[in-house]
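Participant: Once you've had a glance at the structure underneath, I'll fire off some questions.
Values in this text are rule-based calculations from the coordinates and carry no lab data. Keep in mind the model is a prediction, meaning the values are calculated, not measured. Don't worry about glycine lacking a Cβ; one is built from the backbone with ideal geometry, like all the others, and counts go over all protein chains shown.
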Number of protein chains: 2
Amino acid sequence: MSSFIEISEVGPRDGLQSIKRIMPLAAKKAWITAEAACGVPEIEVGSFVPKKLLPQLADTAELVAHARSISGLKVAVLVPNLRGAQDAIKAGAHKITIPLSASETHSLANVNRTHVQMLTAVRDIADLIKTLPADERPFFEGGISTAFGCTLEGTVPQAKILELASALMDAGCDEVGLSDTTGYAVPNHVVSLVKAVKAEVGEQNLTGLHLHNTRGLGLTNVYAALDHGITTIDASLGGIGGCPFAPGASGNIVTEDLVFMLDSTGYETGIDLEALLKVRDIVTDALPGELMYGFVPDAGLPKL
Amino acid sequence: MSSFIEISEVGPRDGLQSIKRIMPLAAKKAWITAEAACGVPEIEVGSFVPKKLLPQLADTAELVAHARSISGLKVAVLVPNLRGAQDAIKAGAHKITIPLSASETHSLANVNRTHVQMLTAVRDIADLIKTLPADERPFFEGGISTAFGCTLEGTVPQAKILELASALMDAGCDEVGLSDTTGYAVPNHVVSLVKAVKAEVGEQNLTGLHLHNTRGLGLTNVYAALDHGITTIDASLGGIGGCPFAPGASGNIVTEDLVFMLDSTGYETGIDLEALLKVRDIVTDALPGELMYGFVPDAGLPKL
């Protein structure tokens with residue numbers, strides 16, 4: 001059991017892509033700078049997707065350049081395909097994640113790609129990365145989305161997840177991750193799937209989870225996973241972006257609440273929570289009226 | 001580890017006492033009837049306190065009578081003193097809980113009583129109960145409030161909690177409970193305090209927790225406690241009443257979310273969650289505009 005848990009802030013990508021309004025580039029930069037200054041070790045700054053599809057993230061290359069200028073910060077991006085990976089490498093991202101939906105129905109609906117087509121893209125990206133000098137290669141993660149169930153297909157069989165996890169590693173990923181895209185995950189399922197995937201691909205090749213709080217179990221799912229070798233958790237400041245399936249329900253785990261739980265459970269995050277709570281103002285000022293979530297921000301820290 | 005977890009609905013007491021408006025008696029009865037029909041095994045229907053202090057709960061005696069007419073339902077009430085216990089016994093409550101604040105500062109501020117004065121009341125109530133025929137005696141719980149910290153005193157030393165737990169049992173309680181009145185509890189603290197109190201008063205004499213969700217850790221705290229012999233959890237439908245310390249932050253654990261977590265974690269509650277979700281309408285209709293909380297109610301149940 002590691003005592004250090006790496007929090008990956010995904011608000012600038014997963015949060016902002018769920019909001020119609022576009023946050024100005026200057027505000028995004030200020031957000032990233034401020035959150036890195038609080039000690040957040042990794043930030044997913046955007047996604048290299050066609051600007052027509054997600055104009056909210058059209059400035060991802062500029063954000064990668066900005067984030068790279070911050071000492072010690074790991075700069076992560078999402079890419080849907082080889083083209084996106086080329087852009088990410090050109091921009092200089094430290095970490096590239098490609099999402100592969102365990103539900104093929106969801107994959108077809110979302111990116112119009114079968115599992116085979118997606119795995120071909122993964123292999124192409126891995127091959128591209130291998131052509132780079134060793135010290136310029138980004139870390140390459142295959143993120144299995146809808147891993148805990150799908151709004152279209154319902155339960156996704158565990159055998160399918162294991163098959164895809166194995167295929168992602170075979171195709172050249174450095175690691176796989178599990179994403180609860182639909183907010184279906186419950187603690188027992190998290191534990192059993194983490195164990196099964198680790199047994200399939202190797203203990204060290206699954207360390208990260210991307211969980212949502214759609215049904216209020218986000219933090220409990222994290223808590224359950226911590227005993228099973230999970231050391232990287234995605235979260236979003238203020239749960240920004242909410243939940244597309246349930247207006248008013250939080251989507252991503254709230255970074256502030258996650259830090260509070262980890263701090264109080266004896267884990268190290270390296271993050272200054274009081275400073276982090278103040279970063280919310282940057283987001284609120286840039287997107288006035290946008291709902292921000294979180295219990296600790298509302299209630300404040302307990303009196304010691 | 002028991003596989004059955006008893007959920008005690010405390011909304012009609014803890015929820016409604018936090019709301020200025022008074023829910024009409026007929027609506028309260030309908031709520032209790034409907035929730036019992038979903039399989040909720042225990043409902044705390046009110047509190048025997050002076051009507052001037054909590055006019056919202058002035059009809060508690062009538063609610064006890066109503067709830068007792070529902071077959072199989074355990075009817076619980078809160079009492080602050082001997083006078084309240086006399087009323088509760090007269091009304092026919094199955095379970096009586098007296099709160100004792102671990103923080104003496106909080107006890108003085110709230111009920112103007114020292115620990116010694118409260119323990120005297122506990123002993124008087126226990127003596128009164130002993131005068132009843134065996135089959136008419138209510139179950140008598142001593143609920144240690146601010147057990148996980150106090151907004152006035154901060155951290156309450158564990159030695160103080162153990163001393164009070166022991167004193168409550170000595171004074172004649174059938175069981176002690178722990179309440180996170182201020183929403184300060186975190187998983188590690190829950191586990192360590194549950195273990196310590198059980199070691200002090202006996203494994204079977206602490207089975208229930210009353211946790212709040214003020215800082216978003218309500219369900220995680222429950223999850224952590226389930227492995228340590230806790231089998232009764234208080235919760236409030238829709239988290240009604242909110243949190244007095246943080247407007248907008250949920251106070252009590254939301255019953256619907258708790259049932260969802262327990263169901264999905266392999267525990268039995270005997271509660272029909274789909275039916276329970278419909279009971280919210282009774283509360284909403286009776287208190288229009290009052291905030292109702294809960295993630296599962298917003299997001300719906302996952303597709304299987």
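Participant: With chain B rotated onto chain A, spot the residue of B whose Cβ lies nearest the axis and note the distance in whole Å.
Facilitator: Per the B/A rotation axis, the closest residue of B reads B:Thr220, 2.
Participant: Ok, one more. Given B:Thr181, B:Ile233, B:Leu258, which one lies farthest toward the positive end of the charge dipole of the range B:6-299, if we put +1 on the Cβ of every Lys and Arg and -1 on the Cβ of every Asp and Glu?
Facilitator: B:Thr181
Participant: In the range B:17-53, which trypsin sites (Lys or Arg not before Pro) fall in coil by DSSP and have 15 or fewer other Cβ atoms within 10 Å?
Facilitator: B:Lys20, B:Arg21, B:Lys51, B:Lys52
Participant: Further question: What is the fewest-to-most order of B:Ser236, A:Ser166, B:Ser71, B:Ser101 by other Cβ atoms lying within 10 Å of their Cβ?
Facilitator: B:Ser71, A:Ser166, B:Ser101, B:Ser236
Participant: Let me spell out the model: positive unit charges on the Cβ of Lys and Arg, negative unit charges on the Cβ of Asp and Glu, origin at the Cα centre of the range B:199-304. What dipole size does that give, in debye rounded to 20?
Facilitator: Computed about the Cα centre, the dipole is about 280 debye.
Participant: Taking θ as phi - 60°, what are the ³J(HN,Hα) couplings along the range B:6-17 by the Karplus curve (6.51, -1.76, 1.60), each to the nearest whole Hz, with x for Gly and Pro?
Facilitator: In residue order, the calculated couplings are 8, 9, 9, 7, 10, x, x, 9, 5, x, 5, 6 Hz.
Participant: Let me ask another. Using modelled amide H (1.01 Å from N, peptide plane; none on Pro or chain starts), what sits under 5 Å from the amide H of B:Tyr293, excluding residues fewer than 5 places away?
Facilitator: Amide H neighbours of B:Tyr293, under 5 Å, 5+ apart: B:Gly239, B:Ile240.
Participant: Another one. For A:Thr231, go 7 angstrom from Cα along the Cα-to-Cβ vector, then report the distances to that same point in the other copies in nm, smallest first.
Facilitator: Copy-to-copy label distances for A:Thr231: 4.0 nm.
Participant: Using θ = phi - 60° and the Karplus relation 6.51 cos²θ - 1.76 cosθ + 1.60, list the HN-Hα couplings for the range B:276-284 in order, rounded to whole Hz, with x at every Gly or Pro.
Facilitator: 4, 4, 7, 5, 3, 4, 4, 5, 5
Participant: When Lys and Arg each count +1 and Asp and Glu each count -1, what net charge do the other residues less than 9 Å away from B:Ile7, Cβ to Cβ, add up to?
Facilitator: -4
Participant: Please report, in cubic angstrom per residue, the volume enclosed by the convex hull of the alpha-carbon atoms of chain B.
Facilitator: Value for chain B: 120 Å³ per residue.
Participant: Taking H placed 1.01 Å from N in the peptide plane, check which residues at least 5 places from A:Gly177 or on another chain put their amide H under 5 Å from its amide H.
Facilitator: The list, which skips near neighbours in sequence, is A:Gly142, A:Gly143, A:Ile144.
Participant: Which value, in debye to the nearest 20, describes the size of the charge dipole of the protein assembly as shown about its Cα centre when Lys and Arg Cβ atoms bear +1, Asp and Glu Cβ atoms bear -1, and nothing else is charged?
Facilitator: Dipole about the Cα centre, nearest 20: 1080 debye.
Participant: In addition: So if I place +1 on the C-beta of Lys and Arg and -1 on the C-beta of Asp and Glu, and nothing else carries charge, what would the dipole magnitude of chain A be about its Cα centre? I want it in debye, nearest 20.
Facilitator: It works out to roughly 740 debye.
Participant: A follow-up question, please. Measuring from a point 7 Å out along Cα→Cβ, what nm distances, shortest first, does A:Gln117 have to its partners in the other copies?
Facilitator: 7.5
Participant: Need one number: % antiparallel among DSSP beta bridges in the range A:6-299, to the nearest 5.
Facilitator: About 5 percent, rounded to the nearest 5.
Participant: Defining the label point at 7 Å along Cα→Cβ, can you sort the distances from B:Asp263 to the same site in each other copy, shortest first, in nm?
Facilitator: Copy-to-copy label distances at B:Asp263, shortest first: 3.5 nm.
Participant: On to the next question. Can you compute the helix-only [θ] at 222 nm over the protein assembly as shown? Use -39500 (n - 2.57) per DSSP H run of at least 4 residues, normalise by all residues, nearest 500 deg cm²/dmol.
Facilitator: Value at 222 nm, helices only, nearest 500: -12000 deg cm²/dmol.
Participant: Let me ask something additional. Within a Cβ distance under 12 Å of A:Val197, other residues only, what is the Lys/Arg minus Asp/Glu net charge?
Facilitator: With Lys, Arg at +1 and Asp, Glu at -1, the neighbours total -1.
Participant: Quick one: net charge around A:Asn213, please, counting Lys, Arg +1 and Asp, Glu -1 for every other residue with C-beta under 10 Å from its C-beta.
Facilitator: Residues near A:Asn213 contribute -1 overall.
Participant: Would the range A:1-47 count as rounded, prolate or oblate if I go by the C-alpha gyration tensor, calling it rounded below 1.5 in a/c and otherwise prolate when a/b exceeds b/c, oblate otherwise?
Facilitator: Oblate shape, in that a/c is at least 1.5 and b/c is the bigger or equal ratio.
Participant: Could you tell me the center-to-center distance, by alpha carbons, between the range B:266-303 and the range A:147-178 in angstrom?
Facilitator: 32
Participant: Related question: Using Cα pairs under 8 angstrom and six or more residues apart, how large is the relative contact order of chain A, in percent?
Facilitator: RCO, chain A: 20 percent.
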